[in-house]
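Here's the structure we're looking at; comments come further down.
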Amino acid sequence: MKDIFSTDKEFIAHTYGRFPVAFTEGKGSRLKDVDGKEYIDLGSGIAVNAFGIADDEWKKAVTEQIGKLQHTSNLYYTEPCAKLAELLCEKTGMKKVFFGNSGAEANECAIKAARLYSYTKYGEGRSTIITLKNSFHGRTITTLAATGQDTFHTKFGPFTEGFVYCEADNKEELNRLVKENNCCGIMFEVVQGEGGVYRLSNDFVAEIDRIAKEKDILVIVDEVQTGNGRTGKLYGYMNYGIQPDVVTTAKGIGGGLPLGVCMLGEKMNDVFTPGTHGSTFGGNPVCCAGAYSIMSRIDDKLLAEVNEKSEFIVSELSGAKGVKAVTGMGLMLGIETERPAGDIIKEAMERGVLVLSAKTKVRLLPPLNITMEDLKAAIKVLKEVIGK
Ligand SMILES: *Cc1c(COP(=O)(O)O)cnc(C)c1O
């Protein structure tokens, strides 16, 4: 091997625009690159490392499990999988859980579940799902179709049929789309992540809930990014006082290992029967043991800390030089800056602070347990870079 960069460029498919940095190790919200340079991480590997790098409790849960049993297939029972499903249902009021390996796979499951529910109850044809413009639901052909951004709907066609797109926070359009289409579900993120850290209004989410209940349309909340403590509540929908029919999540729940979850509510309790859906790796005992450790620690105390840290960031950045607006919720924040987000990300990285982008904004998704010390140091650098 020559060096990491040129070997990667030569042998890895060029689907990513990578930054010229290679990391070797870390601890908590600190990362080290191959040259030994240290960084404070405000990105968590895109909201994945919920408790930062190499978290001790998570590491213990994962290594203990990997030393006992790493995989069995879904032909058999394993304890970590059952325990995690029980914990998730206790914490959310949902009734059943399906485990996959990614956000896209969780959303595929939600789409199949919604269509199956409707098919079983109403017969063929009632299969359209309303999603929102500027949403992001994944990279498979079907979840790309569900993603309400035209740029994702070229080159790879034909796409899965049966998705129509509503402008976020537009109640009239929502009502018109429900009237004009034979709908079985409405799927949305309560804070659009990739779409620019846009938080849906309470009023719009209440209207989705109202019309869905009236017409027996399923409320499907994509919590792949907003879930697992990210918004300051356990799940983002809990900020809105609704109880969805389907909740999907991934990213942070595995603490860094791949795990996708589709949670099904009361109405959906018996929707799946043996053979209707599946996944070879789904519910892997190592991933589930790690996720159990993560989920059992996202309690009221941790969520209060998430909210305190959020308030700190918002108060530091709101009205600061070069900042036009701060959007989002909890530790999922977008910063609209006067300078281009790309320049800020690059310069912050040079100064040892990792941040992300979302459309034209700088996006922050720090580990939920980042220390105030690290957070203060990182925000100080970020403010200087933004205000330059
Ligand atoms: C990241 C993301 C996905 C896709 O998750 P993958 O694990 O990359 O498949 C889906 N929905 C939302 C809201 C996301 O943020």
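The values are calculated or read from the model by the stated rules, or taken from the named source; none is laboratory data. No experiment lies behind these values; they were computed from the predicted model shown. Positions of Cβ are generated from backbone atoms using ideal geometry, with glycine treated the same way; all protein chains shown enter the neighbour counts. Accessible surface is based on the protein model in full, side chains and every heavy atom, while ligands, DNA and RNA are left aside. Shrake-Rupley method; radii C 1.70, N 1.55, O 1.52, S 1.80 Å.
Values for this structure:
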{"item": "Failed condition for Asp33, given (1) among the charged types (D, E, K, R); (2) more than 16 Å from the ligand (Cβ to nearest atom); (3) open to solvent by 20 Å² or more (accessible area, probe 1.4 Å)", "result": "(3)"}
{"item": "Qualifying residue in the stretch 303-325 (condition: within 16 Å of Gln192 (Cβ to Cβ) and not assigned by TED's automatic domain parsing to the domain that holds Ile253)", "result": "yes"}
{"item": "Residue tally, condition within 15 Å of the ligand (Cβ to nearest atom) and either touching a helix residue (DSSP H, G or I) at 6+ places or on another chain (Cβ under 8 Å) or within 15 Å of Leu218 (Cα to Cα) (or both), over the stretch 144-164", "result": "4"}
{"item": "Number of the exception - Leu200 against (1) within 16 Å of the ligand (Cβ to nearest atom); (2) open to solvent by 10 Å² or more (accessible area, probe 1.4 Å); (3) under 20 Å from Thr131 (Cβ atoms)", "result": "(2)"}
{"item": "Matching residues, the stretch 130-142, being of a type in the set (A, V, I, L, M, F, W, C) and within 14 Å of the ligand (Cβ to nearest atom)", "result": "Leu132, Phe136, Ile141"}
{"item": "Cross-chain or 6+ apart pairs with Cβ under 8 Å, the stretch 242-253 first and over 15 Å from Val48 (Cα atoms) and in contact (Cβ under 8 Å) with a residue 12 or more places away in the chain, then more than 10 Å from the ligand (Cβ to nearest atom) and among the acidic types (Asp, Glu)", "result": "Ile242/Asp209; Asp245/Glu266"}
{"item": "Where Ala114 falls short, out of the listed (1) closer than 27 Å to Gly330 by Cα; (2) in the same structural domain as Glu167 (by TED's automatic domain parsing); (3) within 16 Å of the ligand (Cβ to nearest atom)", "result": "(1)"}
{"item": "Cβ pairs under 6 Å, 6+ apart, first in the stretch 38-58 and of a type in the set (D, E, K, R), second assigned to a helix (DSSP H, G or I)", "result": "Glu57/Ser293"}
